[in-house]
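The values are calculated or read from the model by the stated rules, or taken from the named source; none is laboratory data. Quantities reported herein were computed from a predicted structural model and do not represent experimental measurements. As a convention, Cβ positions derive from the backbone with ideal geometry for all residues, glycine included, and neighbour counts pool all protein chains shown. Side chains included, ligands, DNA and RNA excluded: accessible areas come from the protein's heavy atoms. Shrake-Rupley method; radii C 1.70, N 1.55, O 1.52, S 1.80 Å.
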Amino acid sequence: MTEPKFNADSVPVLALGYRFQWEPAQDCYVLLYPEGMVKLNPAAGEILKRISEKKQTVGELIAELKAAFNGADLDDDVYQFLEEAHDNDWIRAE
Amino acid sequence: MTTTGSEQNKAPGSTGGEMGMNSQNHIRQPLWLLAELTYACPLQCPYCSNPMDFANIKSELTTEEWINVFKQARAMGATQLGLSGGEPLARPDIIELIREARNLGFYTNLITSGIGLDASKAQAFKDAGLDHIQVSFQASSEDLNNLIAGTDAFQHKIEMAKAVKAAGYPMVLCFVTHRQNIDQIEEILDLAINLDADYVELATTQYYGWAMHNRDQLLPLKEQLERAEAIAHRYQEEQKGNMKIYYVVPDYYEERPKACMNGWGNVFLTVTPDGTALPCHAARDLPGMELPNVRDLSIREIWEDSNDFNRFRGFDWMKEPCRSCDERFKDFGGCRCQAYMLTGDPAMADPVCGKSPDHHLILEAIERGREEAAKPAQEAKPLVFRNPKNSKEICGS
Ligand SMILES: C[S@@+](CC[C@H](N)C(=O)[O-])C[C@H]1O[C@@H](n2cnc3c(N)ncnc32)[C@H](O)[C@@H]1O
Ligand code: SF4
Ligand code: SF4
């Protein structure tokens, strides 16, 4: 992997043209983009849900996830996901 | 349909099952709805893939009927909606259709020539929730663009490409390439760079409808393609991180067919202006089609039970060489419409395939194109423009 794109202060936002939503027919969260769709696993869904709902720093995002998931130790997983999502052009850092 | 935003392979956080994938346990759903809202169009592109007899297709679906189609397809799991035509902006209810589709949860794609658009409309589409706009160009220069479009449209298109970006969309341009414009590929890409485009699709002409009729005048020569491909690749490198360029190789110059529609009746559903439901936008012309209509049947009945949608589903309908070929799971034997147009039998292998006994038909078409290209202009077959007059003259009314 190249230089990390995210630290605790960066603000992840969905890339232009990407839309996040719950998809009843697939029974999962999805990302929609021109002529395509990615089905998300539950963890990715929880992260992207928060990114799409409001602008906040990665630090705040992680705090929110911890509160929602009984203080689980998820920092590394979140950072790893953000970097990979960025490499896929799903999100940008602001 | 175009390929902008092509599939990403298995990505982190994805469950692997992406749109267009045909995995073993894939439940067949119409994921993609192409709504051809109208065949009205102010342009007359001779490469247009619309059916030759479009002028005889009357009685467009009403606003309520379209919304009903959207609801049914959405309930079956469709997520992508293409609003196309003809020129979709010729529908006076376009904003209402966008708003309804978006409220239903569709990812809404508007596919337009830009004629009928203005800056305030682009903004109104944004406000109605339109997700994506693609503007098509005929060529990079005013003269050639207007010649190919059969009307004076170039300056307006430039303005509209800018208006789309000003409204907060990525600028996505589509150039349909063929023998008459492919040598301008550098100018085309320079124009896109000057306009600060985000995505450029260099879509090769597919030979359906009017394009098939004009094939001898449109098929590019091999040396043209080689040059174009080299230039496209150079620009791809130079523009990395700036502008994304999609370059599609024409299937006539390949040895394997495209996986047409990702398999018949697998993920794509087209509804034409008069409500006919088709597994692909060219399938109306196949022999033996029953052409079910959304006015008579539900989308579910059409998708699951109609003869048309079941006819070439799966692999049982195949003949040799496809029937026993390992590649059938990948390309589904290619395009049924191309098989029919070239061989007269829609169940044959797509003649683009090097294993097809009919592959010589492709080579002969290329040869005829070359002969036409060698003729002096005044002796060459004229391009036939897509307009209602020609449609009626050629197809009767
Ligand atoms: C039939 S048009 C309808 C929408 C609108 N009138 C336009 O031209 O953008 C839909 C898309 O298909 C492209 N197209 C038309 N004829 C084609 C052909 N024979 N092969 C490949 N693409 C084609 C157009 O450039 C456009 O992007
Ligand atoms: S391809 Fe050209 S003629 Fe065909 S619908 Fe689009 S603008 Fe009209
Ligand atoms: S023989 Fe049929 S299935 Fe095999 S590669 Fe050719 S078109 Fe595809």
> Which entries in the list A:K5/B:K121; B:K58/B:K162; A:K39/B:K165; B:K71/B:K165 go over 32 Å, if you measure between the two C-alpha atoms of each?
Replying inline: A:K5/B:K121; B:K58/B:K162
>> What distance in nm separates the two pseudo spin-label positions at B:K381 and B:S298, each 7 Å out from Cα along the beta-carbon direction?
In response: 4.6
> With the other protein chains left in place, how much accessible area per residue, in square angstrom, belongs to segment A:2-45 at a 1.4 angstrom probe?
Replying inline: 42
>> Taking θ = phi - 60°, what integer Hz values does the Karplus form 6.51 cos²θ - 1.76 cosθ + 1.60 yield along segment B:33-44, in sequence order, with x for Gly and Pro?
In response: 10, 9, 9, 7, 6, 7, 9, 5, 7, x, 9, 9
> When the helix-only estimate is applied to chain B (DSSP H runs of n ≥ 4, each -39,500 (n - 2.57), divided by the residue count), what is the mean residue ellipticity at 222 nm, nearest 500 deg cm²/dmol?
Replying inline: -10000 deg cm²/dmol
> Evaluated at 25 °C with a viscosity of 0.890 mPa s, what Stokes-Einstein diffusion coefficient in µm²/s does the protein assembly as shown have when Rh comes from the Kirkwood expression over alpha-carbon pairs?
Replying inline: 103
> When the accessible area of each residue in segment A:28-65 is compared between its chain alone and the complete protein assembly (1.4 Å probe; ligands, DNA and RNA ignored), which residues differ by at least 30 Å², being lower in the assembly?
Replying inline: A:L32, A:Y33, A:P34, A:E35, A:M37, A:V38, A:K39, A:N41
>> Report the gain in length on full extension from B:E254 to B:I394: 0.36 nm times residue separation, minus Cα-Cα distance, nm rounded to one decimal.
In response: 47.3 nm
> Which residues of segment B:161-189 show a drop of at least 10 Å² in accessible area when all protein chains are present, compared with their chain alone (probe radius 1.4 Å, heavy atoms only, ligands and nucleic acids excluded)?
Replying inline: B:G168, B:P170
> So if R0 is 35 Å, what FRET efficiency would A:A68 and B:D190 give, r being the distance between their Cβ atoms, rounded to the nearest 0.05?
Replying inline: 0.10
> Between B:N56 and B:K71, what is the label-to-label distance in nm when each label sits 7 Å out along the Cα-to-Cβ direction?
Replying inline: 3.4
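How much of the accessible area of chain B, in percent, comes from carbon and sulfur atoms when a 1.4 Å probe is used? It would help to have the intermediate numbers written out before the result.
Working: 7880 of 15870 Å².
Carbon and sulfur together cover 50 percent of it.
Report the antiparallel proportion of the DSSP beta bridges in chain B as a percent, rounded to a multiple of 5.
10
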> Label points 7 Å out from Cα along the Cβ direction at B:L291 and A:T57: separation in nm?
Replying inline: 6.4
> Can you pull the percent of segment A:12-88's accessible area that's carbon plus sulfur, 1.4 Å probe, other chains left in place?
Replying inline: 50
> Could you give the length gained on full extension between B:N103 and B:K240, defined as 0.36 nm per residue of separation minus the Cα-Cα distance, in nm?
Replying inline: 45.8 nm
>> So if I take the centroid of the Cα atoms in segment B:185-227 and the same for segment B:271-306, what is the distance between those two points in Å?
In response: 30
> Calculated FRET efficiency, A:Q80 and A:K49, Cβ-Cβ r, R0 30 Å, to nearest 0.05?
Replying inline: 0.95
> Taking the Cβ of B:W66 as the center, what net charge do the other residues with Cβ under 15 Å away carry, scoring Lys and Arg +1 and Asp and Glu -1?
Replying inline: -2
>> If amide hydrogens are placed 1.01 Å from N in the peptide plane, which non-local residues have theirs closer than 5 Å to the one on B:M171?
In response: B:D198, B:Y199
> Is it possible to state the helix-based mean residue ellipticity at 222 nm for chain A, with each DSSP H run of 4+ residues giving -39500 (n - 2.57), the sum divided by total residues, to the nearest 500 deg cm²/dmol? What is it?
Replying inline: -12000 deg cm²/dmol
>> Could you tell me the calculated FRET efficiency between B:D305 and B:N262, based on Cβ-Cβ distance and R0 = 22 angstrom, to the nearest 0.05?
In response: 0.60
>> Need one number: buried accessible surface between chains B and A, 1.4 Å probe, both sides summed, DNA, RNA and ligands left out, in Å² to 100.
In response: 2300
> What residues of segment B:340-357 lie in the reach of a label at B:D326, counting those whose backbone N is under 19 Å from a point 7 Å from the Cα along Cα→Cβ?
Replying inline: B:353-356
>> Using a probe radius of 1.4 Å on heavy atoms only, what accessible surface per residue do you get for segment B:26-181? Whole Å² is fine.
In response: 32
